[in-house]
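Report on the following structure.
The values are calculated or read from the model by the stated rules, or taken from the named source; none is laboratory data. This is a predicted model, so every value here is computed, not measured. A quick note on method: Cβ atoms are made from the backbone with ideal geometry, for glycine too, and the neighbour counts reach across all protein chains shown.
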Amino acid sequence: GDSVTQMEGPVTLSEEAFLTINCTYTATGYPSLFWYVQYPGEGLQLLLKATKADDKGSNKGFEATYRKETTSFHLEKGSVQVSDSAVYFCALHTGTASKLTFGTGTRLQVTL
Amino acid sequence: NAGVTQTPKFRILKIGQSMTLQCTQDMNHNYMYWYRQDPGMGLKLIYYSVGAGITDKGEVPNGYNVSRSTTEDFPLRLELAAPSQTSVYFCASSYSIGGERRSNTEAFFGQGTRLTVV
């Protein structure tokens, strides 16, 4: 079945550091890939998405490229801010599976 | 612009009690989902629905029931509450064309219901 594997957290970085959160997936069909962010006490919000191989999703300085050859969708940001502290979830959706599948989430803590 | 609305936001139940978590969306989405999120853990799918009148089990359906009589509403029912059901529950909705074709779905989440069973 479909699955998403994320690097375990927490990830602790200083402000302005470079961020990478790894995500790999297993899926049948042609999945769409997503990164969601959850700020403390809130629900999940879509951060970015990519719907086909080699697409790059980007938003708020975050980027992720859909790599079909490595089945990966790693999240990157060149310079993190304290306000980026949150839990980040990688997810996929395939029409055949008819549901979203999430990774376990990676907590990011950014300090001054 | 309501999006996905969940009620209540907080609830404390005694063991053996029952309750219904309400979820409504106003975006005419065909897919709806219920997830639970345990402390420090990811999201686990409880039930989902691909349209009115159609529901299916997710990873952790035991102890829960759902119905989807309309496109807008997808209530989650707990019949005999147990401490293991203490969690934060999220409802979500999305639109998908489904089938073998590529899907381009963004899920919208409610704010969550924090449930404690004592």
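Considering only strands (runs of 3 or more DSSP E) fully contained in the range B:1-46, which possess at least 2 residues that are of a type in the set (Ser, Thr, Tyr) and either buried (at least 16 other Cβ atoms within 10 Å of the Cβ) or on the phi > 0 side of the Ramachandran plot (or both)? Break it down into steps so the answer makes sense when it comes.
Values: elements: B:4-7, B:10-13, B:19-25, B:31-37.
Here the list reads B:31-37.
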Go through the range A:49-76 and report how many residues are surrounded by fewer than 20 Cβ atoms within 10 Å (Cβ to Cβ), in contact with a strand residue (DSSP E or B) (Cβ under 8 Å, 6 or more places away or on another chain) and part of a strand (DSSP E or B).
7
Selection count where residues are in contact with a Ser or Thr (Cβ under 6 Å, 6 or more places away or on another chain) and at pLDDT 95 or above, scope the range B:79-103:
2
The one condition B:Phe10 fails out of (1) touching a Ser or Thr at 6+ places or on another chain (Cβ under 8 Å); (2) over 13 Å from B:Ser87 (Cβ atoms) is (2)
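Within the range B:34-45, is even one residue away from chain A (no Cβ under 13 Å), of a type outside the set (D, E, K, R) and either over 23 Å from A:Gly41 (Cα atoms) or more than 13 Å from the chain's Cα centre (by Cα) (or both)? Give the steps one after another, and end with the answer.
Taking the range B:34-45 as the starting set, the residues that turn out to be away from chain A (no Cβ under 13 Å) are none.
Taking every residue of the range B:34-45 in turn, none turns out to be away from chain A (no Cβ under 13 Å), of a type outside the set (D, E, K, R) and either over 23 Å from A:Gly41 (Cα atoms) or more than 13 Å from the chain's Cα centre (by Cα) (or both).
This table checks each residue for (1) at pLDDT 95 or above; (2) within 11 Å of chain B (Cβ to nearest Cβ); (3) more than 23 Å from B:Phe108 (Cα to Cα).
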{"residue": "A:Glu16", "(1), (2), (3)": "yes, no, yes"}
{"residue": "A:Leu19", "(1), (2), (3)": "yes, no, yes"}
{"residue": "A:Ser32", "(1), (2), (3)": "no, yes, no"}
{"residue": "A:Leu44", "(1), (2), (3)": "no, yes, no"}
{"residue": "A:Leu47", "(1), (2), (3)": "yes, yes, no"}
{"residue": "A:Ala53", "(1), (2), (3)": "no, yes, yes"}
{"residue": "A:Arg67", "(1), (2), (3)": "yes, no, yes"}
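Picking from B:Ser69, B:Ser49, which residue would you name as being over 30 Å from A:Leu108 (Cα atoms), in a loop (DSSP other than H, G, I, E, B) and of a type in the set (Ser, Thr, Tyr)?
On the way: B:Ser49 fails: in a loop (DSSP other than H, G, I, E, B).
Selected residue: B:Ser69, the only one of B:Ser69, B:Ser49 that is over 30 Å from A:Leu108 (Cα atoms), in a loop (DSSP other than H, G, I, E, B) and of a type in the set (Ser, Thr, Tyr).
So which residues in the range A:1-14 are hydroxyl-bearing (Ser, Thr, Tyr) and modelled with pLDDT of 95 or more, if there are any at all?
Filtering the range A:1-14 for residues hydroxyl-bearing (Ser, Thr, Tyr) gives A:3, A:5, A:12, A:14.
Within the range A:1-14, A:Thr12, A:Ser14 meet the criteria.
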If I filter the range A:85-107 for residues that are more than 30 Å from B:Val50 (Cβ to Cβ), assigned to a loop (DSSP other than H, G, I, E, B) and aliphatic (A, V, I, L, M), do I get at least one hit?
no
From the set of residues in the range B:47-87 that are buried (at least 17 other Cβ atoms within 10 Å of the Cβ), closer than 20 Å to B:Lys14 by Cβ and of a type in the set (A, V, I, L, M, F, W, C), which is farthest from the other protein chains (Cβ to nearest Cβ)?
B:Ala81
